[in-house]
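I have placed the structure first, in the form of structure tokens, so that the comments after it can refer back to it.
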Amino acid sequence: MSPDAAAKRAAAKTEGDAILAKAGAAALFDNISDQPDQDGAVVLQHKGSGLYCLFNPGRTDSEVVLFNPNGDDVGCRSVTSFDSRMVYATRTSLTLDQEIAAAVMALKVKYPKAKPYKAAVNPMIDKMLTSDKVPPSRTERFLADGNYESVSVAVIDGWAIKYRLSGDAGMAKFLADAGDGVGWLMYVFKADSYHKAVTSGSPATPAGQPAS
């Protein structure tokens, strides 16, 4: 490990600790920013759901949100060069169809004039998302008030993993492919891997790259 890489990981770890302390969430998340396979991103993972929270370092708008202080309903908000995103983990007894319907309804409450947007996602990513290698998930995309808005949902071992992405409508094609295509696949894969590791009794292997 180079001294520069070690310093970046240490700084990311410190930043992650500060984000968790501000939210009062240190007991509910693992700060894995200093793992050997990290490269300077701030990476937190929710202990209950496996929700993977990835933040660009050095931003003041990164945050963890506890909607329920017991950890059964949490979220992570981050901003990249192209979008803002919020990932959530909520204990649920609902089906995937019920969860995506509720998520779309919430989006339409905020954006009553939202129009469905049909995206052309990378075929390889689409194939992965619809394969049996990851849990089933749903993504719905919209254009609203000059914005691209999407919501993605998967239900994994009694947890609804949700992803809200927002960006400029002019970036819709890119955001649909990179944001809720590749990006969403990562979130589903990380949560699923976490639960499989817990079930098998082996530690989950953290890995990730900073957002754009």
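In table form, for the structure just shown:
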item: Gained length - THR130 relative to THR95, 0.36 nm times residue gap less alpha-carbon distance; result: 10.9 nm
item: Nearest 10 degrees, 0 to 90: helix 3-23 Cα axis against the chain principal axis; result: 60
item: Approximate spin-label separation SER81-ASN122, in nm, with each point projected 7 Å along Cα-to-Cβ; result: 1.6
item: With Cα atoms, 0 to 90° folded angle of helix 184-200 axis to the chain main axis; result: 50
item: Computed P(r) (all Cα pairs; region 47-120; 5 Å bins; percent); result: 3, 13, 17, 20, 22, 16, 7, 1
item: Isotropically averaged projected area of the chain, using the convex hull of Cα atoms (one quarter of hull area), nm²; result: 11.9
item: Distance histogram in 5 Å bins (all Cα pairs of region 90-201, percent per bin); result: 2, 12, 22, 23, 20, 12, 6, 2, 1, 0
item: Around GLY179: net Lys/Arg minus Asp/Glu count, Cβ-Cβ under 12 Å; result: -1
item: Integer Hz, Karplus 6.51/-1.76/1.60 couplings in order for region 121-126, x for Gly and Pro; result: 7, 3, x, 5, 5, 4
item: Loop-located trypsin sites (Lys or Arg not before Pro) in region 67-145 whose Cβ has at most 14 other Cβ within 10 Å (DSSP); result: LYS113, LYS118, LYS133
item: Dimensionless Rg/Rh of region 1-41 - Kirkwood Rh, Rg from C-alpha atoms; result: 1.03
item: Charge context of ALA5, other residues only, Cβ under 13 angstrom, K/R +1, D/E -1; result: -1
item: Cα→Cβ-extended label distance, 7 Å offset, between ASP145 and PHE67, nm; result: 1.9
item: Solvent-accessible area of SER137 with every protein chain in place, 1.4 Å probe, in Å² to the nearest 10; result: 30
item: Added length on full extension, which subtracts the Cα-Cα distance from 0.36 nm per residue, LYS196 to ALA26; result: 58.9 nm
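The values are calculated or read from the model by the stated rules, or taken from the named source; none is laboratory data. All values reported here derive from a predicted model rather than from experimental measurement. Please note: Cβ atoms are built from the backbone with ideal geometry, for glycine as well, and neighbour counts cover all protein chains shown. Remember, those area values only see protein heavy atoms, side chains included, never the ligands or the DNA or RNA. Shrake-Rupley method; radii C 1.70, N 1.55, O 1.52, S 1.80 Å.
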